[in-house]
Each structure stands twice: as C-alpha cells, then as structure tokens.
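The values are calculated or read from the model by the stated rules, or taken from the named source; none is laboratory data. Everything numeric in this text was worked out from a predicted model, so none of it was measured. Note that we place each Cβ from the backbone using ideal geometry, even for glycine, and neighbour counts take in every protein chain shown.
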Amino acid sequence: MAIDLPITARVRFGASLWPVSGTVHETVTLAEPATVADVLAEVGRLHPGLVNALSTVLPVIGGAQRPTNWPVKQGDEVAILVAISGG
C-alpha cells in the first residue's frame, strides 16, 4: 500500500500577482504525487483573490513553461507568471 508523503514546493509570484498574495515567495505543502495544477489549487485556496488570475497564468519550473499536469517534486520552485501581450 502506497503512502502519500507530503512534499514542499516554493512558489514565486510574478510582479502583477505578488501585490495580491502579499508576498513574492511562499512555500506550499502538497501530497505526493503532485502536479502544477495541485500547486495552483493550493495557491488559490491560500489566496482567494488570485483564483481568477490563476486560470491564465504561465507556470514555470526549471526555466521552462510547464503544463498543469507536469509533476512537481520535493523542493521545486514554481514561478507563476502572467502572460503579457503587446506589440
């Protein structure tokens, strides 16, 4: 029988998100196995004011944008950035 052990991941909020979160970095604890979607769900639970924005963010792990089903491992940093459009 597998036991879901907790992992911690560091969340880094992009410039337009940290004023709402009240912090630039935060550590979240998740059950393993965890995905980017789990990180976003936990951030939304901790910061309800970000819930709408979280549906359009660009999650970045290891310097690359990752899909929401990407696995998050112990100690990963997940940067949550907002897409900017312009010309």
For segment 56-72, enumerate the residues that are surrounded by 12 or more Cβ atoms within 10 Å (Cβ to Cβ) and assigned to a loop (DSSP other than H, G, I, E, B). Arg66, Thr68, Trp70
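Of all residues in segment 37-65 being among the charged types (D, E, K, R) and within 9 Å of the chain's Cα centre (by Cα), which is nearest to Gly14 (Cα to Cα)?
That would be Glu42.
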Within segment 32-55, considering residues that are within 16 Å of Lys73 (Cα to Cα) and at pLDDT below 95, the one surrounded by the fewest Cβ atoms within 10 Å (Cβ to Cβ): Pro33
Considering only residues of segment 1-55 that are assigned to a loop (DSSP other than H, G, I, E, B) and among the acidic types (Asp, Glu), which is nearest to Thr68 (Cα to Cα)? Glu32
Cβ-Cβ under 6 Å, sequence separation 6+ or interchain: first residue in segment 43-65 and hydrophobic (A, V, I, L, M, F, W, C), partner assigned to a loop (DSSP other than H, G, I, E, B) and surrounded by 13 or more Cβ atoms within 10 Å (Cβ to Cβ). Which pairs? Ile61/Asp76
